[in-house]
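> Shown below is the structure under consideration.
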Amino acid sequence: MSTAETAPTGTWNVDPMHSRLGFAVKHLGISTVRGQFNEFEGKLEVGDDASSTRATGSVQVASVDTGQPDRDGHLLNSDFFDGEKHPQITFESTSIELAPDGQAKVTGDLTIMGTTKPLELTGVLGGTETDPFGNERVGLEMHGEINRTDFGMTFNIPLDSGGLVMSDTVQLTLDISAIKAA
């Protein structure tokens, strides 16, 4: 199948003003804490077939935002992201599948704190549209999950109930709007 059947060929740059890279973690096993990264960039290069299509991206760790400055500060220290030593999170695809019905699967290498692990994202290609300023755009909504301990984030606090303050599983949500490069 040609990826051109689902997304036009070319280079598409992620528009941070119209995109969101979010995450969610269970807290105390009873609620969910959500956050996002506010500074990031990415690129989708769509070739004539799946083997020539790739996605890359990077996130500035210091831009983590959970809506609570104290928590954000804790996330930047060595208990979690160790932002001074590891200022970026990166992703590079190894495989992309775009089906004619818009379903998408992106597999690649995610690097956090110097550790690289495979990541699979699934979701949907929202299609293409030209915005009021003449920019051709493509939209993607992708989801995945990681185990934070795989990347060396092992900090946790045991609860009297036998549970832990936070889960090891982190849900990822990417809402992407990308602009076709000239």
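> Any chance you could count how many residues in segment 59-70 are surrounded by fewer than 18 Cβ atoms within 10 Å (Cβ to Cβ) and either β-branched (Val, Ile, Thr) or in contact (Cβ under 8 Å) with a residue 12 or more places away in the chain (or both)? Spell out the reasoning first.
Within segment 59-70, the first condition is being surrounded by fewer than 18 Cβ atoms within 10 Å (Cβ to Cβ), and the residues that meet it are 60, 62-63, 65-70.
Within this subset, residues satisfying the condition of being either β-branched (Val, Ile, Thr) or in contact (Cβ under 8 Å) with a residue 12 or more places away in the chain (or both) are 60, 62-63, 65-67.
Here the count works out to 6.
> Which of the residues belonging to segment 10-33 are within 17 Å of Val61 (Cβ to Cβ) and among the charged types (D, E, K, R)?
Arg20
> Being under 20 Å from Ile179 (Cβ atoms), among the aromatic types (Phe, Trp, Tyr), surrounded by 15 or more Cβ atoms within 10 Å (Cβ to Cβ) and touching a Ser or Thr at 6+ places or on another chain (Cβ under 9 Å) narrows it down to one of Phe40, Phe23, so name that one. Quick ask: steps written out before the conclusion?
On the way: Phe23 fails: under 20 Å from Ile179 (Cβ atoms).
So the residue among Phe40, Phe23 that is under 20 Å from Ile179 (Cβ atoms), among the aromatic types (Phe, Trp, Tyr), surrounded by 15 or more Cβ atoms within 10 Å (Cβ to Cβ) and touching a Ser or Thr at 6+ places or on another chain (Cβ under 9 Å) is Phe40.
> Just give me the residues in segment 71-91 being surrounded by 15 or more Cβ atoms within 10 Å (Cβ to Cβ) and among the acidic types (Asp, Glu), in sequence order.
Once the filter is applied, which keeps residues that are surrounded by 15 or more Cβ atoms within 10 Å (Cβ to Cβ) and among the acidic types (Asp, Glu), segment 71-91 yields Asp72, Asp82.
> For the condition closer than 17 Å to Phe40 by Cβ and either under 23 Å from the mean Cα position of the chain (by Cα) or exposed (fewer than 14 other Cβ atoms within 10 Å of the Cβ) (or both), what is the one hit in Leu140, Leu159?
That would be Leu140, the only listed residue that is closer than 17 Å to Phe40 by Cβ and either under 23 Å from the mean Cα position of the chain (by Cα) or exposed (fewer than 14 other Cβ atoms within 10 Å of the Cβ) (or both).
Each value in this text was obtained by applying a stated rule to the coordinates, not by laboratory testing. Being a predicted model, the structure only gives us computed values, none of them experimental. Ideal geometry is used to build each Cβ from the backbone, glycine not excepted, and the neighbour counts take in all protein chains shown.
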